Amino acid sequence: MSLADVIASDRPLRVAVLTGAGISAESGLRTFRGNDGLWEGHRIEEVATPEAWEIDPQNVWRFYQQRRRQLSEVDPNPAHFALAELEDGVEDGCFTLITQNVDDLHERGGSRNLIHMHGELRVVRCEECAHNFEAMGAEHLADDEFIPCPECGHEKVRPDIVWFGEEPYQMDDLMQAVIDCELFLVVGTSGHVHPAAGLLGLARMRGAYCVGFNLDPPLNVGYFHEFHEGAAGELLPPLVQQLIELDIQP
Ligand code: APR
């Protein structure tokens, strides 16, 4: 079975894509598991756990405020645009993009049916009343000022990010998309963090043709039918052109 066979035999072709930090690396955002094991100079447990927020909310808030401000300094790269083009190329309702990334580069690249399974930097959430809202105005981005909840008045909202030990968002929807798809693409993720890393095995078990793109082989590389080693911004645009030429339309 090859990619061309999958496309020839399945009509309409349903596509699911899982992306990770590697797809945003060429836009200038650091990945999580750099050689130093640190994320922007921090140990992940110091900034990305509910315990860290409990013990030292100032430190966690400052870290995420930097990440939130950084969004205005970066732009989508050719890999983000290629996935939007792929979405435009398949039949409506047949494409789901699942991202572990909390940046907004997929939506700015033109992707529409998008699941942010680990939350979004643009959004904050009240732990008292669960109210969540987009908070990207200048008044929301200072390092040392917490944002109070406009609904219940609680003194500080938290970043709407799924931290280690918390359950990712929209698990039912994204698992259904993985179960239903005939083609599953995985881009720029090391395969270390579950449940996201387990989606590849699920797709494979349910019969999808699985193709991976990463700078180096991820932990779960054995599940791919095809693995392409290299930068997402270089590999994805020609792959999408190839799919469009193979006529992914019904
Ligand atoms: N193109 C493709 N892959 C790349 C590129 C690139 N230009 N640059 C880096 N990579 C690869 C790295 O080799 C690495 O394997 O992207 C992968 C990124 O892996 P991680 O840093 O572990 O990121 P990710 O898999 O998204 O992490 C998952 O962990 O910290 C949590 O919640 C956080 O969503 C995150 C989750």
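The values are calculated or read from the model by the stated rules, or taken from the named source; none is laboratory data. Bear in mind the structure is a predicted one, so any value in this text is a computation, not a measurement. Note that each Cβ is placed from the backbone with ideal geometry, even for glycine, and that neighbours are counted across all protein chains shown. Accessible surface is based on the protein model in full, side chains and every heavy atom, while ligands, DNA and RNA are left aside. Shrake-Rupley method; radii C 1.70, N 1.55, O 1.52, S 1.80 Å.
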Charges only on Cβ, +1 for Lys and Arg, -1 for Asp and Glu: so what's the dipole of the stretch 54-180 about the Cα centre, in debye to the nearest 20?
340 debye
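Provide the per residue accessible area, probe 1.4 Å, for the chain, rounded to a whole number of square angstrom. All intermediate terms of the calculation are to be shown ahead of the outcome.
Values: 11500 Å² over 250 residues.
The answer is 46 Å² per residue.
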Carbon/sulfur fraction of accessible area - the chain, other protein chains in place, 1.4 Å, %:
47 percent
Taking every Cα atom in the stretch 3-116, find the radius of gyration and the maximum pairwise distance Dmax, and write them in Å.
17.2, 55
Cα-based helix-to-principal-axis angle, 78-89 vs the chain, degrees rounded to 10
60 degrees
Hey, if you put +1 on the Cβ of every Lys and Arg and -1 on every Asp and Glu Cβ in the stretch 131-250, which of HIS194, LEU141, TYR169 ends up farthest toward the positive end of that dipole?
HIS194
222 nm mean residue ellipticity, helices alone, for the chain (DSSP H n ≥ 4; -39,500 (n - 2.57); rounded to 500):
-9000 deg cm²/dmol
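I need the Kirkwood Rh of the stretch 64-119: take the reciprocal of the average 1/r across all distinct C-alpha pairs and report it in angstrom.
Values: mean 1/r = 0.0837 Å⁻¹.
Across the stretch 64-119, the inverse of the average 1/r is 11.9 Å.
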Any cysteine of the chain lacking a neighbouring Cys Cβ under 4.7 Å - listed by number:
CYS94, CYS181, CYS210
Assuming R0 = 41 Å, what is the FRET efficiency of ALA138 and LEU215, from their Cβ-Cβ distance, to the nearest 0.05?
0.70
Expressed as a whole percent, how much of the Cα-Cα distance distribution for the chain exceeds 23 Å?
51 percent
Which peptide among 180-190, 50-60 comes first, and what is the full order, when sorted by highest mean count of other Cβ atoms within 10 Å?
180-190, 50-60
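Between GLU127 and TYR169, what's the calculated FRET efficiency when r is the beta-carbon distance and R0 is 22 Å? Round to 0.05. Numbers along the way, then the final one.
On the way: r = 16 Å, r/R0 = 0.71.
So the FRET efficiency works out to roughly 0.90.
Full extension from ILE244 to ARG206: what is 0.36 nm times the residue separation minus their Cα-Cα distance, to one decimal in nm? Don't skip to the answer; put the middle values down first.
Details: separation 38, 0.36 × 38 = 13.68 nm, distance 2.43 nm.
Full extension of this stretch gives 11.2 nm more.
Note the full-extension length gain between GLU145 and MET1 as 0.36 nm times their separation in residues minus their Cα-Cα distance, in nm to one decimal. Spell out each step's value before the answer.
On the way: separation 144, 0.36 × 144 = 51.84 nm, distance 5.59 nm.
Fully extending the segment from GLU145 to MET1 adds 46.2 nm.
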Which residues qualify? For LYS156, with a placed amide H closer than 5 Å and at least 5 residues away or on another chain, they are CYS149
Taking N as the number of residues in the stretch 136-232, what value does Rg over Cα atoms divided by 2.2 N^0.38 Å take?
1.48
